[in-house]
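**Q** Right, I'll just put the structure down here and ask away after.
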Amino acid sequence: MSKESSGLFSGTSVSRAANIDRIRGSGKTDNQIKREANMIIPSLPKNPNILLKNGWKETTPLKMKQNSDSQTFHDPKTGFDIRFDKGIPGANGFKGKDHYHIENPNSTGKEDRYLDKDGNPCAKGSKASHIIP
């Protein structure tokens, strides 16, 4: 694997590095992740338990189950992990709406932690990281 494809852009200008389809932690390129996310995102159901019927596995940690209405799921086919946050009636903004967060398999930190509705990396806590089914 070359330095460019491994994400180690030593000696490469920033602008050139930004144009390279990187392979990072997941073993998938950013473009592969975007393509797969664009197949998953439109089919996210209003009821997250339908994911189980579609082959997803629930992976919600015990503490999360005890302390919140959030659920986490893993798709063994694609390797994607998502979290569903149940909206709180009467709450403002996204806290009041059912929504998903899709983990970015190639995330390097908070700035690219999730994927937006188009499969692009976005920051943790950003509006774009909230996907309404």
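**Q** Over 27 Å between Cα atoms: which of 57/124; 28/86; 28/63; 57/110; 65/95 fall into that group?
**A** 28/86; 28/63
**Q** Place a point 7 Å from the Cα of residue 132 along the Cα-to-Cβ direction; which residues of the range 81-107 have their backbone N under 16 Å from it?
**A** Under cut-off, by backbone N: 85-101.
**Q** I've got another one for you. Compute the separation of the alpha-carbon centres of the range 26-89 and the range 94-123 and state it in Å as a whole number.
**A** First find each Cα centre; the distance between them is then 11 Å.
**Q** How would the range 38-133 be classified by its alpha-carbon gyration tensor: rounded, prolate or oblate, with rounded meaning a/c under 1.5 and the a/b versus b/c comparison settling the rest?
**A** In terms of gyration-tensor shape, rounded.
**Q** How large is the accessible surface per residue of the range 84-123, computed with a 1.4 Å probe and reported in Å² as a whole number?
**A** Details: 2160 Å² over 40 residues.
Averaged over the residues of the range 84-123, the accessible area is 54 Å².
The values are calculated or read from the model by the stated rules, or taken from the named source; none is laboratory data. These figures come from a predicted structure and were not determined experimentally. Don't worry about glycine lacking a Cβ; one is built from the backbone with ideal geometry, like all the others, and counts go over all protein chains shown. What goes into the accessible areas is simple: the full protein's heavy atoms, side chains included, and nothing from ligands, DNA or RNA. Shrake-Rupley method; radii C 1.70, N 1.55, O 1.52, S 1.80 Å.
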